[in-house]
1. Kindly provide the set of residues from the range 87-114 that are more than 18 Å from Gly139 (Cα to Cα), modelled with pLDDT under 95 and among the β-branched types (Val, Ile, Thr), ordered by number.
2. So which pairs qualify, if the first residue must be in the range 106-124 and without any contact (Cβ under 8 Å) to a residue 60 or more places away in the chain and on the phi > 0 side of the Ramachandran plot, the second must be surrounded by 12 or more Cβ atoms within 10 Å (Cβ to Cβ) and part of a loop (DSSP other than H, G, I, E, B), the Cβ gap must be under 9 Å, and the two must be at least 6 apart or on different chains?
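The values are calculated or read from the model by the stated rules, or taken from the named source; none is laboratory data. Nothing here was measured: the structure is a model prediction, and the numbers come from that model. Every residue, glycine as well, gets a Cβ built from its backbone with ideal geometry; the counts of neighbours run over all protein chains shown.
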Amino acid sequence: MYARLREYLDSIYRRDPAARSALEILTTYPGVHALAIHRVAHWLWGVGLKWPARFLSHVGRFLTGIEIHPAARIGRHLFIDHGMGVVIGETAEIGDDCTLYHGVTLGGTTWRKEKRHPTLGNNVVVGAGAKIIGPVTVGDNARIGSNSVVTKDVPADATVVGIPARVVSIGGEPRQTERDRLAQRMGFDAYGQPSHVADPIAHAINAILDHLHLIDHKLRVLSEAFEKQGINVNFDLPKLEVSNLEEGDERSPAGSEKPGSNS
């Protein structure tokens, strides 16, 4: 038992540079307390003592601000850093060496008594405020960005960000989407914003780029059909010229007048 405790403390040292001693971790880390209480509550749940398990879980929530259902299955070396506001649902499953930050929710999407909470693989890191909803699977070594909302499976070694979350890299390599490729062809920098920024204007422009990608694809299909009939169609997407679109430019198109101007 001492060896396993020492192993668990070492895993926290590796993930928290603020940890200075075993005494500090054992006495001042709410994530450690919540996990210890859950281990007992989970055992009580497993032997059929449902109400004592729920009551103990409730006490743990009161003391730590971390709510873990006693039926949730948690692997070795889970580290809940800071912890306030973390919620782990009844059918959630967490693998070994995972890290959750404050405000994380592993929630469900149905009221039916079935598998309705996420499954996390090994060595998964979930950033502060992230929400993983439904019976989705998060692969080993995945990274969930802060405040992301995950509603679909996440592949192993992937990093996902945004609302809804999307893959931005796998194994450390950035993932270029069709939207990004189209933006590059048009000489446009995808609004110059990180893809995870919840900006309504950026969202609108990204939606337009997605629509243009669909039109681009359909025109290619039509072009191939024409060429099969011996009709040559020039399908080169012209470059979008943005050099003259200067901020504050109020010039009117040639041959027209500004509204309200006098001749």
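1. Result: Thr109, Thr110.
2. Asn123/Gly95; Asn123/Asp96; Asn123/Asp97; Asn123/Cys98; Asn123/Asp140; Asn123/Asn141; Asn123/Ala142
Here is a yes/no grid of residues against (1) within 25 Å of Gly127 (Cβ to Cβ); (2) touching a His at 6+ places or on another chain (Cβ under 7 Å); (3) at pLDDT 70 or above:
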site	(1), (2), (3)
Ala158	yes, no, yes
Ile163	yes, no, yes
Ser169	yes, no, yes
Arg181	no, no, no
Asp189	no, no, no
Ser195	yes, no, no
Leu212	no, no, yes
Ser223	no, no, yes
Ile231	no, no, yes
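Residues are listed down the side, and each one gets a yes or a no for (1) in the same structural domain as Val126 (by TED's automatic domain parsing); (2) in a helix (DSSP H, G or I); (3) more than 24 Å from Val124 (Cα to Cα); (4) β-branched (Val, Ile, Thr):
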{"residue": "Leu23", "(1), (2), (3), (4)": "yes, yes, yes, no"}
{"residue": "Thr27", "(1), (2), (3), (4)": "yes, yes, yes, yes"}
{"residue": "Leu35", "(1), (2), (3), (4)": "yes, yes, no, no"}
{"residue": "Trp43", "(1), (2), (3), (4)": "yes, yes, yes, no"}
